[in-house]
Each structure stands twice: as structure tokens, then as C-alpha cells.
Amino acid sequence: MDDKSLEMLEFPRVREILARFTSFSASHELAINLQPLLDYDQVSLLLKQSTEARRLLSLRPDFSIGGIFDIRGPVKMAARGKILEPRTLIKIQQSLAAICQLRSSLKKLSDELPLLWSIAAGIVELHQVEKDIGNCITPNGEILDSASPELAMTRQRFRRTREQLLRRLETIIKSPKGQKIIQEPIVTQRDGRYVIPLKIESRKGIKGTVHDISNTGATVFVEPWTTVELGNELRELTIKEQREVERILQNLSNEIGAHGIEISHNIALVATLDLALSKAKYARSARATEPTITTFDKKTNDATDKRAGTLKLVEARHPLLAEKAVPLSVDVGEDFSILVITGPNTGGKTVALKTIGLLTLMTQAGIPVPASGESCIPIFDGVFADIGDEQNIEHTLSTFGWHIGNIVRIIQNTTEKTLVLLDELGTSTDPVEGSALARSILLHFLSKGAITIATTHYNDLKTFAHVTPNMQNASLDFNPTTLTPTYHLTTGIPGGSNALAIASHLGLPPEIISTAKEMLSKGTQNMETLLTDLTREKQLVTTLTHNLEKELSKTEQRNKELENELQRLKTEEQKLIQETHDNIMREAAKLQKEIHLTKSELRKRKSREGIDHATKALAAIEKQLKNQNWQAKATQRTDMVIMNENKIVPGDTVQLKETKLQATVLSISERSHQVKIQIGQTKVSLGLGRVEKITSLPKEANSKIALVNKEMRRRTIPVDLDLRGKRAAEIEWELDSYINNASLANLAKVRVIHGFGTGTVRNIVRDLVVSHPLVKSSRPGGQNEGGDGVTIINL
């Protein structure tokens, strides 16, 4: 990238702002040295890392790299053999621990943040180095006694010797003689030797070595000869301790130096992560986002083909103006490659150029831009700007010469993939020549195919841009009512300079303004009037469009609300249908249970009522038979029955009217009108009306009956009946049929499997077997028989 253009567009100031969000010097250095890149894949990776960092801050707003220092300098010195200070070693230990913690934190989020984790995964964990430093040095930088056995022993001897020395000195101070000659009852140090303060006139009261005299000359500091030997020993131990500490620090420094490459690499990776986080923090502060990037090559099936080589900024704001910035939207490169911006003085044309250039540079440096996410920026091979005014008196360089020098440099480096930004093209010289030169320069960049944006006040350039293919006008709007610029860019319409109106608004005397108007040519005045009217009409259209968009937004919002309400009603409808269905099923189950209970009660009641009715009928008949009027007739009738060939007597063969099964009569009860019969091995008592005598059958019929009876005896009936999954309406018939067949098969005990469930099937089964004539007794299954999920029936 062109360094001069970077300065003109104030890219270094953006780097400084970004650097303020970094956490330590290594990442600060990266931010300050950021450069726009030319490789699409590299830019794409940086922007994706920034997106992931914003995602990380949304998940954990307080996330940071922790207490990591840039320890690369001390590590390099350790690698060269230098002994590091204890506090420096503690910084290294803390940094190593924080680096491991950072790696661990990102590993937990690796699925959501794969790019950031791919950086952190390269960190080499040096737990042993961290542990070794912690075993030797306290967090405050003190060497621990346990750092080595030699150090522990030396310090222990030092403390013991020192205590012995202090006791001797205190004994001298407290002695009667000492009380007379000492200046103060204290033990102090001079030049590393323990001494006591004596009065100057009593200095010969104690034999010893003088190490110092007070400033007043009234006190002399003497080391008694009786403690010199202990003082010498203490001095030797001090030197020994220092040497051992130095040896320990040397070993730790050597260990760090041996891992210098890994540690420096870790710091570089952490700096890269922190730079991504600083971009995310900047984005949060500036409401910035990562734009879509494209190349100038249209690749097949690429989703960005339509935008390839197109520069589109939506609601873009100058990053250095913060909240004062007016959003700017511009789209160049698809329908035209040259955009000529006109408008009033102080209207924001230069700011517009800088915004476009600066956001392009930020994107190619992987920095989020303060613009809408709809923005799309191609990767340019160069961004060139001619903005500002740098006269150089020493080199006799005029403003015009400075501009032409910039344009020459730009022309020499321009390709079809270059962005060119030209401010006040063709100024600082004769307007006629300057206008012609400006048009020629624009034609050159048009032939190159480079996206070019230029600002001007020349009417000739406005007309030129209007009639030349692949060029377009744009204007920064001017409010004719307030006579102030709006800083809003409108594409398709040129703008007026409004120099006289602005000069009047800024306080230029009216007579000067009036004279200037008179000097303007009629055509120029008409042009200014036309542009003013166009601006006013454009503002009206913009207002109407805004109102329509507002109404459309309200309509869409209302439609969305109606759709949500409809969806809610459908959901409630389904819920109501489901609740109703569940209620009906519960009521149906309840009614089914009541029906079976009622049927059981009716069956029992019918049986009792039949017996009562039969007893009453029999009593009435006996009463009538006792009447004399009936004696003869009864006798006659009895004789007739006896003589009747259809009279049933024990031993006769009968058949059941309902099933046509053949049975043998065992006995008859005339009183109860009951007949006891045997079907196979089963004995049953029935009413006389339920059987009929078989008088004589053809041989063929007898053989068929014999065959049926034989088949019934041979038929195998299972001892289990499984009713699980059966409907309530099927259970009673199937159970009754099964009990009949089991009885005919001479089964003494059967098991009915109904399961647990809601208990409906179980209740139906147990209600039926209670009143069934073939059932002797029933009970729930035992623990090894199926529990309450089965019913055991004794036939």
C-alpha cells in the first residue's frame, strides 16, 4: 500500500485507536504496525477471527487474556546466560500460568470458536517451568528456604549465629558497666557489622573496633572484640547464602532460556488472540462490523459474483468522527466506475472521500468498519489518494504542483484493481485549463478500469460525468431553507456549490453578495437555480419515499403480528382439540367401566330374580296340585308324560339348545326343574328348558356327533388367554368363549393376562368371572404368576 495515501487517509490514527483496546505490549505493537493486506484469503481469515472474537465477547463479555506480560525480552536475555531477577522470574511464571489458562478457556469453546482455538491450540504448555519457579520463589519475589537443601541449612545457621550474637551484645548493654557508657540501649548495624552506640567519652570503656561516629560526634559505634568472631561467621554465612541464591536463580534462568523459543512463540500467539479481541472491543465501542469482501475475479458458482469488483458502503461512518459522523451510502463499480461528487463548500465532500478510503484500508487490515453488514468491499491492490494541501517553499512546490505530483505517482501505479480518490481535481490553477485537465485525467482512469471517486466544483465536470458512459454524478445535499449542508450523499444528481449562499450565511456583507450575483453570467445563475430546484425536488421525493417506507414497515409489522396471532390461534385450537379428545377418552373409559359394572350387577340380579320367580311358580303349582279338582288331571297328565317318548330321564342323551353339544343326563330335580348333565368329563347343572332329548338320530348324524365329541376331547386349549391390546367390546365375548372351551377341555385352572395399564381390561375380566356359571373361583396372580397383571380362574 502507498504510505503517503495511508497518511492522507489517517489510517495511523485508526491503528492508535485500536491499540488502546489491547491488553499488553506485544499486541499493542501488532496493532500499531497493522498494514492493509492484498491477499483475499488472509483478509478473509482476519475478518473471520474478528467475527469469532465478537462472538466470544457476546458469550463472555468480561473475557480477556488475563495477567500476561510481554516476557520475550527477559527470555532472550536468559537464553544468552543472564541471571534474571526474582521478580522477573515471578512475572514469567504468572505469564506462563495465564497462557495455560487462556488455552484451556478457548479449548472449552472450540466448537463455537474454531478459528480462535486453532491459534490457541499452538500454545506450548510449560507446566514444569512454572512449577520450578513456584517451588523456589514466593509471589513477592522472595527466595524460599526450600529452594535447595544447602540454602535451608545456611539460613538456619545464619539465624542461630545471629541470635547468639545479639544475645551477647544485649548482655553487654544490660550490664552495670554498659549502662554507664552506652548512648542508647540498642543494637544496630554499620557496614554489615552489629555494633552498640557508646558515648564518645566512654569509647575506651569497651575494647572493640569503631565502625562509625555520629554526625554530632557525641556517639561512637563500636563492635566489641568478644563478638567479632560471631560477626565474621555471620558475614561468611551471608556470602554463602548470596552465592546459593545466585546459583538457584542461574538454574531457573537457564531453564527459561532453554525454552525461549516456545515461550516467545506463545507470546506471539497470545498477541494475535489479543489483537482479535481488541478488534472485537473496538467493534463494540464503534458499532462496527465485518463487511463482505470480494475479489475482482468472477468465479463460477460464487455467491458474490454479482458484487465482484463492486465497492458498496451502507450507512458508513467516519471512524474518527465518532457520534458526529453522518452516515454515508455509496455504490461504485457495478453500473459505473467513475463517481464525481459535487456540492456546497464545507458540505462534507472531503470527509466522504476519506470515509470511503479509510474503511477500505481498515477492511484489508482485518479491522471491523463502522458501517452496515450489507457493505461489500473488494480487495484492491492499491488505494491512492490526493487529498489536502502541502506546499513546500524550500523546494518551490506550489499547491498545484503538489497535487500534480501526487496524481503522477498514482497514474504510474494504477491498475484495474486500484481505488483512486481525488479531492478538488483540477483546482489551484486556471479554471478552464484545470477543468480540461480534470476531464482528461478522469478519462485516463476510466480507460484503466480503476474505481475512481473525485470531488469538484467545476460545472464542466458535472456535465462531463452526466454524458460520459460509465461515469456518474453524486451530490452532497444542501438545505436551501436553512442555507446549511446536510452531509447526505445523493447519487445521480450533481450538486451546486452554493458559494454565495454559504458566504452570506457565514456573515459576508449583503452588498458584496449582491454585487457578486450581478457579476455571474445568466447561464451560471440559471444552472445554480436549476440545481437548487433539483435539490428541493429530491428532498421532497426523499421525504415521500421515507414516509412510504415507514408505512410499508408498519404494514409488514402488522402482517407479521397477524401471522403470529394466527399461529397462536392455530396452536390454541390444536391444544383445545387435544384436551377435548383426552377428556372424551377419559369419560369414555369411565363410562365403559360403569357399563361393565352395571352389566355385572344386572347379571347377578337376573340370576337372583329368576330363582325367586321359579320358587314362587313352583309353590303355586304345588298348591294347585293339592287341590282335589286337579288330582285326576294331574295323574292323567303324569301318565301322559311318562308315556311320552320325549320325557327326559337319567341316562338319556340330550343336546344343549344353544350349542347343540351332546350330553348325558345324570339326574333330574323335579322340584327345581334342574337337570344335571355330563359333557365329556365336565358336569353341569342346567334348567330343563336349556336341553332337549335326542330320541333317535340317523346313523350318519350319530357318527358326526361322535366325531365332534371326539374332536372336542382331542382339542388342545391353552392355559393362558392374553387380552392385552384388545378393545373393551371384544373382551367379554372372547373371555366367555375361552372359559367354555377350557371347561369342555377339562382344564381345572386357567390364567387370563390383562396387564396393568389403566385397569379397564382387568376390571372387565374380574367383573365377568365373578358371575360366570363355569367359574368356581378367581384371584389375582401371585408374585411368580404375573402379579396384578393377570387373573387366575379355577373352573
Counting only residues in the range 450-505 that are modelled with pLDDT of 80 or more and aromatic (Phe, Trp, Tyr), the one farthest from Lys349 (Cα to Cα) is identified as Phe464
I'd like to check which strands (runs of 3 or more DSSP E) are fully inside the range 182-257 and have at least 2 residues that are of a type in the set (Val, Ile, Thr) and under 18 Å from Arg167 (Cα atoms).
193-199
What single numbered condition from (1) in contact with a Leu (Cβ under 8 Å, 6 or more places away or on another chain); (2) of a type outside the set (Lys, Arg); (3) open to solvent by 20 Å² or more (accessible area, probe 1.4 Å); (4) more than 30 Å from Leu237 (Cβ to Cβ) fails to hold for Leu113?
(3)
Just name the residue that is surrounded by the most Cβ atoms within 10 Å (Cβ to Cβ) out of those in the range 345-362 that are within 25 Å of Thr463 (Cβ to Cβ) and either within 32 Å of the chain's Cα centre (by Cα) or among the hydroxyl-bearing types (Ser, Thr, Tyr) (or both).
Thr350
Scan the range 159-166 and give yes if some residue there is under 60 Å from the mean Cα position of the chain (by Cα), open to solvent by 70 Å² or more (accessible area, probe 1.4 Å) and of a type outside the set (Asp, Glu), otherwise no.
yes
Condition test on Arg80, is it over 30 Å from Arg235 (Cβ atoms) and either open to solvent by 40 Å² or more (accessible area, probe 1.4 Å) or touching a strand residue (DSSP E or B) at 6+ places or on another chain (Cβ under 8 Å) (or both)?
yes
Of Ile200, Ile172, Ile181, which residue is over 30 Å from Lys82 (Cβ atoms) and in contact with a Lys or Arg (Cβ under 7 Å, 6 or more places away or on another chain)?
Ile181
If you check every pair at least six apart or on different chains, which have Cβ atoms under 8 Å apart with a residue in the range 716-737 that is more than 15 Å from Leu768 (Cα to Cα) first and a residue that is in a helix (DSSP H, G or I) and polar (S, T, N, Q) second?
Ile717/Asn741
Kindly list the number of the only condition in (1) surrounded by fewer than 15 Cβ atoms within 10 Å (Cβ to Cβ); (2) modelled with pLDDT under 85 that fails for Ala745.
(1)
Test Thr342 against the stated conditions and say whether it is polar (S, T, N, Q), at pLDDT 85 or above, open to solvent by less than 50 Å² (accessible area, probe 1.4 Å) and under 28 Å from His488 (Cβ atoms).
yes
Does Val383 qualify as being under 18 Å from Asp2 (Cα atoms), β-branched (Val, Ile, Thr), over 37 Å from the mean Cα position of the chain (by Cα) and at pLDDT 90 or above?
yes
With respect to Ser685, determine if the residue is among the small types (Gly, Ala, Ser), out of contact with any Phe, Trp or Tyr (no Cβ under 9 Å at 6 or more places or on another chain) and at pLDDT 80 or above.
no
Cβ pairs under 9 Å, 6+ apart or interchain, first in the range 106-128 and at pLDDT below 95 and of a type in the set (Ser, Thr, Tyr), second surrounded by 20 or more Cβ atoms within 10 Å (Cβ to Cβ) and not in a helix (DSSP H, G or I), ordered by first then second residue, are none
Do the conditions hold for Lys448, that is, is it within 51 Å of the chain's Cα centre (by Cα), open to solvent by 70 Å² or more (accessible area, probe 1.4 Å) and of a type in the set (Lys, Arg)?
yes
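Out of curiosity, is Glu433 open to solvent by 10 Å² or more (accessible area, probe 1.4 Å) and on the phi > 0 side of the Ramachandran plot?
It is false that Glu433 is open to solvent by 10 Å² or more (accessible area, probe 1.4 Å) and on the phi > 0 side of the Ramachandran plot.
Within the range 334-369, track down each residue that is among the small types (Gly, Ala, Ser) and outside any loop (DSSP other than H, G, I, E, B).
Those that are among the small types (Gly, Ala, Ser) and outside any loop (DSSP other than H, G, I, E, B): Ala352, Gly357.
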From the list Ala26, Ala19, Ala53, which one is hydrophobic (A, V, I, L, M, F, W, C) and over 22 Å from Pro370 (Cα atoms)?
Ala26
Return the residue satisfying two criteria in turn: it lies in the range 280-293 and is out of contact with any Phe, Trp or Tyr (no Cβ under 8 Å at 6 or more places or on another chain) and not in a strand (DSSP E or B), and of such residues it is surrounded by the fewest Cβ atoms within 10 Å (Cβ to Cβ).
Arg287
Only one of these is farther than 27 Å from His259 by Cα and in contact with an Asp or Glu (Cβ under 6 Å, 6 or more places away or on another chain): Leu113, Leu109. Name it.
Leu113
If you go through the range 750-788, how many residues are under 60 Å from the mean Cα position of the chain (by Cα) and among the β-branched types (Val, Ile, Thr)?
7
Any residue in the range 397-424 that is among the hydrophobic types (A, V, I, L, M, F, W, C) sitting within a Cβ distance under 6 Å of a residue that is modelled with pLDDT under 85 and open to solvent by 40 Å² or more (accessible area, probe 1.4 Å)? List the pairs, counting only those 6 or more apart or interchain.
Phe400/Ser428; Phe400/Thr429; Trp402/Glu390
Would you call Thr791 over 22 Å from Leu686 (Cβ atoms), surrounded by fewer than 16 Cβ atoms within 10 Å (Cβ to Cβ) and either more than 59 Å from the chain's Cα centre (by Cα) or in contact (Cβ under 8 Å) with a residue 24 or more places away in the chain (or both)?
no
Residues in the range 275-326 that are of a type in the set (Lys, Arg) and at pLDDT 80 or above total 7
Answer yes if at least one residue in the range 238-249 is open to solvent by less than 60 Å² (accessible area, probe 1.4 Å) and more than 60 Å from the chain's Cα centre (by Cα), and no otherwise.
no
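What number of residues in the range 43-73 are free of Cβ contacts under 8 Å to residues at least 60 places away in the same chain and not hydroxyl-bearing (Ser, Thr, Tyr)?
Going through the range 43-73 one residue at a time, the tally reaches 9.
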The range 21-49 - residue that is under 28 Å from the mean Cα position of the chain (by Cα), open to solvent by 40 Å² or more (accessible area, probe 1.4 Å) and not hydroxyl-bearing (Ser, Thr, Tyr) and, of those, farthest from Gln364 (Cα to Cα)
Phe21
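The values are calculated or read from the model by the stated rules, or taken from the named source; none is laboratory data. What you see is a predicted model, and the numbers here were worked out from it, not measured in a lab. Using ideal geometry, Cβ is built from the backbone for each residue, glycine included, and neighbour counts are taken over all protein chains shown. To get the accessible areas, we keep the full protein, side chains included, count just its heavy atoms, and leave off ligands, DNA and RNA. Shrake-Rupley method; radii C 1.70, N 1.55, O 1.52, S 1.80 Å.
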